[in-house]
1. So which residues in the range 42-63 are among the basic types (Lys, Arg) and surrounded by fewer than 15 Cβ atoms within 10 Å (Cβ to Cβ)?
2. What is the one condition in (1) in a loop (DSSP other than H, G, I, E, B); (2) more than 15 Å from the chain's Cα centre (by Cα) that residue 41 does not satisfy?
3. Do we have residue 3 as modelled with pLDDT under 90 and among the small types (Gly, Ala, Ser) here?
4. Which of the residues spanning the range 2-32 are in contact with a Ser or Thr (Cβ under 9 Å, 6 or more places away or on another chain) and either small (Gly, Ala, Ser) or at positive phi (or both)?
5. Which ones in the range 1-35 are of a type in the set (A, V, I, L, M, F, W, C), assigned to a loop (DSSP other than H, G, I, E, B) and farther than 22 Å from residue 68 by Cβ?
6. Can you tell which of 23, 66 is of a type in the set (A, V, I, L, M) and surrounded by 11 or more Cβ atoms within 10 Å (Cβ to Cβ)?
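The values are calculated or read from the model by the stated rules, or taken from the named source; none is laboratory data. Please read all numbers here as calculations on a predicted model, not as lab measurements. Quick reminder, even Gly has a Cβ in these numbers, built from the backbone with ideal geometry, and neighbours come from all protein chains shown.
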Amino acid sequence: MYGVQQPDGTLSAQAGDTFIMFVTWDKAGTLTSESIHQFGSARLDPHSPHYADQAPLFTAMKTKPVWFTQAQLNGHIEADYRPGEREAIPQAKH
């Protein structure tokens, strides 16, 4: 987010990114979450398939699930890697 300086010295929001996340816990303590970004998770890389992949959801005022556990992640992992590794290991889509 960045702003424009106003005559009174304050900043007025001009433009920038947004990230929205909803997190809920039910009475049993089960955690669920949904999120959305107005572009995608690779906003700085216009060649990435994730550059603006969330934009249609954002304009439709929808969110996407946030996966927490390995069981939830299964079938949704595109690549598996650790920071500093040279290449990601592609994962089979289920």
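1. 62
2. The failed condition is (2).
3. yes
4. Of everything in the range 2-32, just one residue is in contact with a Ser or Thr (Cβ under 9 Å, 6 or more places away or on another chain) and either small (Gly, Ala, Ser) or at positive phi (or both), namely 3.
5. 1, the sole residue that qualifies.
6. Only one candidate passes the filter, namely 66.
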